[in-house]
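Visitor: Following this message is one structure expressed as structure tokens.
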Amino acid sequence: MPAAKTQEKPRSFQDLILTLHDYWSAQGCVILQPHDVEVGAGTLHPATVLRALGPKPWNAAYVQPSRRPGDGRYGENPNRLQHYYQYQVILKPNPPNMQDLYLGSLEAIGLDLRTHDIRFVEDDWENPTVGAWGLGWEVWCDGMEVSQYTYFQQVGGLDVSPVAGELTYGLERLAMYVFGVDNVYDLPFNDPDAPLGHLTYGDVFLENERQQSEANFHGYDVAVLKRQFEDMEEQVPLMLARSYQGKSLVLPAYDMVLKASHLFNLMNARGAIAVAERASYIGRIRDLCKLCASAWVEQQEAA
Amino acid sequence: MPQLLLELFSEEIPARMQAGAARDLERMAREHLAAAGFLPEALKTFAGPRRLTLVVEGLPIAQADRKEELKGPRVGAPPQAMEGFLRKAGLTQDQLVERDGVWMAFIEKTGRPTTEIVAEMVEAIIRGFPWPKSMTWGTSKLRWVRPLKRILCVFDREVVPFAIEGIEAGDITEGHRFMRVGFGWGGQPFKARDFDEYAKGLLEHFVVLDVEERKARILEGCKTLCFARNLELVEDLGLLEEVAGLAEWPTPVLGDMDPAFLDLPGEVIRTSMRTHQKYFAVRDPATGGLAPHFITIANVQSADGGAVIAAGNAKVLSSRLSDARFFWDEDVKVGFEPWLEKLNGVTFHAKLGTMAQRVERIVALAGEIAPLVGADVAKAKEAARLAKADLASQMVGEFPELQGLMGGYYARAAGLDPEIADAIRDHYKPQGPSDAVPTAPLSVAVALADKLDTLVGFFAIDEKPTGSKDPYALRRAALGVIRILLTGVRIPLSDPLAIAWLRTQAAHEVRQPVPTAPGIITKRTIGISVYPDSEFSGEVDPVAQAQLDQAVAELLTFFADRLKVTLKDQGKRHDLVDAVFALGDDDLVRIVARVEALDGFLKTDDGKNLLAGYKRASNILKAEEKKGWKGEGEAELLPNASEPEVALHDALRLVRQPLADALKAEDFTAAMQELAGLRGPVDAFLDGVFVNSDVAAERDSRLKTLAAVRDAMGQVADFSLIGG
């Protein structure tokens, strides 16, 4: 068991992350680091999309930087970011007391469950680009959505069996609530009394939001994005056709799917995708994802 | 008699599914118990955020023993037949008894214990429950709406022993998810062996079982909060139902809203509160306007009286309303023309083109309807052109239910003609049975054009409603048209339907209606001649005209069906609508006036008898017409005509002019009174005259007289379609 750190209320954004790490580590999760390819949500990390599939148990927690190019506001909106953090927990098979474990994590970050109003409000989750859906809830704390809670039913068009439970915490929003801050850039990134100096979220990320917003909306060359997308699309089946020690190269192929997906998001933010084309692009990414998912399940079941 | 108590305890059930689940549980339990031969004294179900509960009073402890008689083969039947029968009955031949030359088996079946039947019933209910969406969890193979955690099942105060996929039935349930007696949080388990213990235990553990009780507590709590601050609750039954499904211990908490937001339209504030946050709005009784507060229904009663909850929710609401303010400001800046541009890129339906194309059709149709309803043509076209623009606004993107309404606000903000702004606002109306019907001529023109275009479009691509499926809400559209027209708007419905059809057909690939003998015959040669200024003026070939007639007839039949439903709700007979529609009229106001007069007439003695006479006459005529009789020319009295023949002739002659006058004046009650004058002579004729005389001239004269009766009555309604 880790030290009793979880008893103290976190004092900063990074402390909140460490508290969650401690908590989920104590429950038996492996604590992973972010995946090093740009993704739009923590779910897309191979630790969730791929590991949710197949018969093997898997319990993991990690922070995933998430990029939503279209959500950039040049650092001028107090709630919206094109780069933000999700805290992701995946438990397979979901333990019977998963809801209580989740509520325990809220308590660990300092929310008193008899003072606040916590609700599980129906919200069926789906992510069409990876052919995934599940049933669950948005979790509300005093009227604010603080997490998404999902029992995965399908990923990559395949049934998830045993069922994996997924928790996604929007870290900035949760931190703003816990610390009573109205502007994300005012969040204490580290301890306000840190001896080496205190930084806010804005000190760390404001300039990044400004530059990336400009690049997302005006900077990227659409023709280049399109070509890169098509390159990735072409490479995925080729990569899957290669194998090492009798196993098709699913993991590198899946990284390429992620890249294609991010390139699509960039094209979308640039306004380069007509309404009518959108569905077809999403379908193309989903098909690639399905190829990877099937190959992965085959390997998992053979092992 | 013993009682059965069942509770299926799960993780949070979506609020919108709870009421249906309670009904399904009740139905399934009733069916299973009835199939086992039980007739319980009382059966009740409850549904809430985490539990479905069933209580059945007055079940016996076992089924009654039953005696069954089975009829076997005849005495002397082939041995195979006997063997088969014995196998089926599970008996040997010496156990059979001979009766009237047939072998009979008398089997006594011992009734099974109720607990066995209950165990089977619960398993069947769980495995077959019709959740709108269900899921699996962990390694279980079970499906439920969310993970099923516990089964409490007691009969006659004893646990019914069974297990389903590892979940064992017991006598334990648990209380509120957070609230408990003493320190800490979390559901406390407790034991219940019957319903009284169960209901009492739940209350002690902060759970209100009955949704009606939860709703009552919410309303009462809201009103108490309002009273203390001299506020008034904005009641919202849909929201009440929903929040009662989100809390086991519903606790209203009043929070404050920044009054600066009150300059937003009230509907925007209320919609944001309701759809995003599930809050009730409150009014200031002095002004009738919204007050800067809200009420949220919390699931916990917190030690600080809800202060933290109120503050947290207030913050969320502020950020929601800031978004709404942002949308408003942006929308006012952008305005109508760029939105209309955007509608070019919005698909209305794959087969019916873009929203911009739809707007063009509505503009044309509104312009054509305008003169018929007393609206200015240019204004009607302009209102129709702008009516759909707000679909591209940010606010409507966020709150689709504010379509139209926002367009109206934005039109006023842009300084447009208030009549046009109102027409934009009201053109979707009436939406539901309680929604107001537009009456301003301009609004009527656009509202009719909008709905008729929808109906014609979807009929043209063969997307008519079937059974309970009506994905494009065409029934509601037709009903909307009917309600608007019945405020006294007189238009021949065929004309706009025909032109809308031609216009849809010109722009899109539509089905070709196959002309059949239509239920409703359109009165006029429609379309073309009516709108000489339209792009469809000129000659049409007969095939196209026949298809158009058929298309319009199908649409009118659809209207007739909706009208029947409307009139049936008012207690009118549906066959009267058929009888009147069969005349080929397409003016709903006149049709309803006829139906009402007819309804009144058929309730009188004269009416009933005349209808009976009509039926006799028309049966005779039908039989003769089948044999080839053609009644050409007027009926002429023969010199030797009998007294009843003369009397009927006189009556028919006398009724002709007044009947025509009454119909022309659309005084249908008077027309019915004229017909009533025929009753006596018709009865006397049918009773006293032998129609099928051997003398051909006599027969012909008498048949023609009956035909004249049929024709006279036929001007008022097609009496052959009226049931006896």
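The values are calculated or read from the model by the stated rules, or taken from the named source; none is laboratory data. Note that the coordinates shown come from a computational prediction; the quantities given were computed from them, not determined experimentally. Note that we place each Cβ from the backbone using ideal geometry, even for glycine, and neighbour counts take in every protein chain shown.
Visitor: When the residues of region B:159-184 are filtered to those that are under 27 Å from A:Asp117 (Cβ atoms) and surrounded by 20 or more Cβ atoms within 10 Å (Cβ to Cβ), which remaining residue is farthest from the other protein chains (Cβ to nearest Cβ)?
Guide: This residue is B:Thr173.
Visitor: Considering every residue within region B:51-74, establish whether at least one is among the polar types (S, T, N, Q) and away from every other protein chain (no Cβ under 14 Å). Walk me through how you get there before you give the answer.
Guide: Narrowing region B:51-74 to residues among the polar types (S, T, N, Q): B:53, B:63.
Next cut, away from every other protein chain (no Cβ under 14 Å) only: B:53, B:63.
Within region B:51-74 (the criterion being among the polar types (S, T, N, Q) and away from every other protein chain (no Cβ under 14 Å)), the answer is yes, since at least one residue qualifies.
Visitor: Working only within region A:91-120, note down all residues that are free of Cβ contacts under 8 Å to residues at least 60 places away in the same chain, part of a helix (DSSP H, G or I) and aliphatic (A, V, I, L, M).
Guide: A:Leu103, A:Leu106
Visitor: Which residue is nearest to A:Gly165 (Cα to Cα), if the candidates are limited to region B:145-158 and must be more than 10 Å from every other protein chain (Cβ to nearest Cβ) and not basic (Lys, Arg)? Let's see the steps before the verdict.
Guide: Taking region B:145-158 and keeping what is more than 10 Å from every other protein chain (Cβ to nearest Cβ), we get B:148, B:150-158.
If we keep only those that are not basic (Lys, Arg) too, we end up with B:148, B:151-156, B:158.
Details: B:Leu148: 15, B:Ile151: 22, B:Leu152: 26, B:Cys153: 29, B:Val154: 32, B:Phe155: 35, B:Asp156: 39, B:Glu158: 36 Å.
The residue in question is B:Leu148.
Matching residues to (1) within 14 Å of chain B (Cβ to nearest Cβ); (2) of a type outside the set (Val, Ile, Thr); (3) crowded, with 20+ Cβ neighbours inside 10 Å:
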residue: A:Trp140; (1), (2), (3): yes, yes, yes
residue: A:Gly180; (1), (2), (3): yes, yes, no
residue: A:Asp191; (1), (2), (3): no, yes, no
residue: A:Asn208; (1), (2), (3): no, yes, no
residue: A:Lys226; (1), (2), (3): no, yes, no
residue: A:Glu234; (1), (2), (3): no, yes, no
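Visitor: Regarding region B:230-237, can at least one residue be identified that is within 14 Å of chain A (Cβ to nearest Cβ) and within 30 Å of B:Glu11 (Cα to Cα)? Please lay out each step first, then the result.
Guide: So in region B:230-237, the residues within 14 Å of chain A (Cβ to nearest Cβ) come out as none.
The answer is no; no qualifying residue exists.
Visitor: Pick out the one residue from A:Phe189, A:Phe205 that is in contact with a Ser or Thr (Cβ under 9 Å, 6 or more places away or on another chain), aromatic (Phe, Trp, Tyr) and at pLDDT 95 or above.
Guide: A:Phe189
Visitor: Of the numbered conditions (1) acidic (Asp, Glu); (2) within 12 Å of another protein chain (Cβ to nearest Cβ); (3) out of contact with any Gly (no Cβ under 9 Å at 6 or more places or on another chain), B:Glu248 fails exactly one; give the number of that condition.
Guide: Only one criterion in (1) acidic (Asp, Glu); (2) within 12 Å of another protein chain (Cβ to nearest Cβ); (3) out of contact with any Gly (no Cβ under 9 Å at 6 or more places or on another chain) is unmet by B:Glu248, namely (3).
Visitor: Filter region B:434-446 for residues that are assigned to a helix (DSSP H, G or I) and either closer than 11 Å to B:Val363 by Cα or charged (D, E, K, R) (or both) and give the result. If you could, list the steps in order and put the result at the bottom.
Guide: If we filter region B:434-446 for residues that are assigned to a helix (DSSP H, G or I), which is where we start, we get B:441-446.
Correct list: B:Ala445, B:Val446.
Visitor: Return the only residue of B:Lys627, B:Lys664 being loosely packed, with under 14 Cβ neighbours inside 10 Å, of a type in the set (Lys, Arg) and under 25 Å from B:Val595 (Cβ atoms). Let's see the steps before the verdict.
Guide: Details: B:Lys627 fails: under 25 Å from B:Val595 (Cβ atoms).
None of the others qualify; the one that does is B:Lys664.
Visitor: Which of the residues spanning region A:148-159 are in contact (Cβ under 8 Å) with a residue 24 or more places away in the chain and more than 9 Å from chain B (Cβ to nearest Cβ)? First the steps, then the outcome.
Guide: Applying the first criterion (in contact (Cβ under 8 Å) with a residue 24 or more places away in the chain) to region A:148-159 yields A:148-152, A:155-158.
Those that are in contact (Cβ under 8 Å) with a residue 24 or more places away in the chain and more than 9 Å from chain B (Cβ to nearest Cβ): A:Gln148, A:Tyr149, A:Thr150, A:Phe152, A:Val155, A:Gly156, A:Gly157, A:Leu158.
Visitor: For the subset of region B:275-303 comprising residues that are out of contact with any Gly (no Cβ under 8 Å at 6 or more places or on another chain) and in a helix (DSSP H, G or I), which member is farthest from the other protein chains (Cβ to nearest Cβ)?
Guide: My answer is B:Thr275.
Visitor: Inside region B:166-185, can you point out the residues that are closer than 23 Å to B:Pro14 by Cα and among the acidic types (Asp, Glu)?
Guide: Within region B:166-185, just B:Glu174 meets the criteria.
Visitor: Which residue pairs have Cβ atoms closer than 7 Å, lie 6 or more positions apart in sequence or on different chains, and pair a first residue in region B:458-475 that is under 13 Å from B:Glu554 (Cα atoms) with a second residue that is polar (S, T, N, Q)?
Guide: Short answer, once both residue conditions are applied: B:Ala460/B:Thr504; B:Ala460/B:Gln505.
Visitor: If A:Gly75 passes every condition in (1) more than 8 Å from chain B (Cβ to nearest Cβ); (2) in contact with a Pro (Cβ under 7 Å, 6 or more places away or on another chain); (3) outside any strand (DSSP E or B) but one, which one does it miss?
Guide: Exception for A:Gly75: condition (2).
Visitor: Filter region A:257-279 for residues that are within 14 Å of another protein chain (Cβ to nearest Cβ), in a helix (DSSP H, G or I) and of a type in the set (Gly, Ala, Ser); which is farthest from A:Pro55 (Cα to Cα)?
Guide: Out of the qualifying residues, it is A:Ala276.
Visitor: State which residue pairs qualify: first residue without any contact (Cβ under 8 Å) to a residue 12 or more places away in the chain and inside region A:266-295, second residue outside any helix (DSSP H, G or I) in any location, beta carbons under 6 Å apart, and separation of 6 or more residues or different chains.
Guide: Note: pairs meeting the criteria are A:Val275/B:Gly345.
Visitor: Let me ask something else. Would you please name the residue that is farthest from A:Gly143 (Cα to Cα), looking only at residues in region A:105-124 that are facing chain B (nearest Cβ under 9 Å) and of a type in the set (A, V, I, L, M, F, W, C)?
Guide: Here the answer is A:Leu113.
Visitor: Okay, moving on. Kindly indicate whether A:Glu145 is within 11 Å of another protein chain (Cβ to nearest Cβ), acidic (Asp, Glu), touching a strand residue (DSSP E or B) at 6+ places or on another chain (Cβ under 9 Å) and not in a helix (DSSP H, G or I).
Guide: Details: within 11 Å of another protein chain (Cβ to nearest Cβ): yes; acidic (Asp, Glu): yes; touching a strand residue (DSSP E or B) at 6+ places or on another chain (Cβ under 9 Å): yes; not in a helix (DSSP H, G or I): yes.
Against the criterion (within 11 Å of another protein chain (Cβ to nearest Cβ), acidic (Asp, Glu), touching a strand residue (DSSP E or B) at 6+ places or on another chain (Cβ under 9 Å) and not in a helix (DSSP H, G or I)), A:Glu145 qualifies.
Visitor: Next question. Only one of B:Gln357, B:Gln394 is out of contact with any Lys or Arg (no Cβ under 9 Å at 6 or more places or on another chain), within 29 Å of B:Ser272 (Cβ to Cβ) and surrounded by fewer than 20 Cβ atoms within 10 Å (Cβ to Cβ); which?
Guide: Values: B:Gln357 fails: within 29 Å of B:Ser272 (Cβ to Cβ).
Step by step, each of B:Gln357, B:Gln394 is checked, and only B:Gln394 is out of contact with any Lys or Arg (no Cβ under 9 Å at 6 or more places or on another chain), within 29 Å of B:Ser272 (Cβ to Cβ) and surrounded by fewer than 20 Cβ atoms within 10 Å (Cβ to Cβ).
Visitor: What is the number of the single condition among (1) closer than 21 Å to A:Glu166 by Cβ; (2) among the charged types (D, E, K, R); (3) modelled with pLDDT of 95 or more that A:Asp15 does not meet?
Guide: Going through (1) closer than 21 Å to A:Glu166 by Cβ; (2) among the charged types (D, E, K, R); (3) modelled with pLDDT of 95 or more one by one, A:Asp15 breaks only (1).
Visitor: Going through region B:324-355 one residue at a time, which ones are among the small types (Gly, Ala, Ser) and touching a strand residue (DSSP E or B) at 6+ places or on another chain (Cβ under 9 Å)? Walk me through it before giving the result.
Guide: Taking region B:324-355 as the starting set, the residues that turn out to be among the small types (Gly, Ala, Ser) are B:324, B:335, B:345, B:350, B:353.
Residues satisfying the conditions are B:Gly345, B:Gly353.
Visitor: Give region B:101-140 a look and list any residue that's part of a loop (DSSP other than H, G, I, E, B) and away from chain A (no Cβ under 14 Å), or say none. Don't jump to the end; show me each part of the working.
Guide: Within region B:101-140, the subset part of a loop (DSSP other than H, G, I, E, B) is B:101, B:110-112, B:129-134, B:136-140.
If the condition is that a residue be part of a loop (DSSP other than H, G, I, E, B) and away from chain A (no Cβ under 14 Å), then B:Gly101, B:Thr110, B:Gly111, B:Arg112, B:Phe129, B:Pro130 are the ones that fit.
Visitor: Oh, and also: Among A:Ile90, A:Ile31, which is the only one that is surrounded by 20 or more Cβ atoms within 10 Å (Cβ to Cβ) and within 30 Å of A:Pro162 (Cβ to Cβ)? Let's see the steps before the verdict.
Guide: On the way: A:Ile31 fails: surrounded by 20 or more Cβ atoms within 10 Å (Cβ to Cβ).
Checking each option against the conditions leaves just A:Ile90.
Visitor: When you go through B:Asp694, B:Asp711, B:Asp606, B:Asp700 one by one, which is the residue that is over 27 Å from B:Val592 (Cα atoms), out of contact with any Cys (no Cβ under 9 Å at 6 or more places or on another chain) and either of a type in the set (S, T, N, Q) or part of a helix (DSSP H, G or I) (or both)? Explain how you work it out, then say what you get.
Guide: On the way: B:Asp694 fails: either of a type in the set (S, T, N, Q) or part of a helix (DSSP H, G or I) (or both); B:Asp711 fails: over 27 Å from B:Val592 (Cα atoms); B:Asp606 fails: over 27 Å from B:Val592 (Cα atoms).
None of the other options fit; the residue is B:Asp700.
Visitor: Step by step: first the residues of region B:304-316, then only those that are facing chain A (nearest Cβ under 7 Å) and either part of a helix (DSSP H, G or I) or touching a Lys or Arg at 6+ places or on another chain (Cβ under 9 Å) (or both), then the one that is farthest from B:Ala228 (Cα to Cα). Which residue is that? Show your work before the answer.
Guide: Of region B:304-316, the ones facing chain A (nearest Cβ under 7 Å) are B:304, B:308-309, B:312-313, B:316.
From the residues that got through so far, the ones that are either part of a helix (DSSP H, G or I) or touching a Lys or Arg at 6+ places or on another chain (Cβ under 9 Å) (or both) too are B:308-309, B:312-313, B:316.
On the way: B:Val308: 20, B:Ile309: 19, B:Gly312: 22, B:Asn313: 20, B:Val316: 24 Å.
Only one residue fits best here, namely B:Val316.
Visitor: Kindly list the number of the only condition in (1) closer than 25 Å to B:Met17 by Cβ; (2) more than 10 Å from chain B (Cβ to nearest Cβ); (3) buried (at least 23 other Cβ atoms within 10 Å of the Cβ) that fails for A:Pro128.
Guide: (3)
Visitor: I'd like to verify a number: residues in region B:176-218 that are within 15 Å of B:Lys149 (Cα to Cα) and either in contact (Cβ under 8 Å) with a residue 60 or more places away in the chain or part of a strand (DSSP E or B) (or both), how many?
Guide: 4
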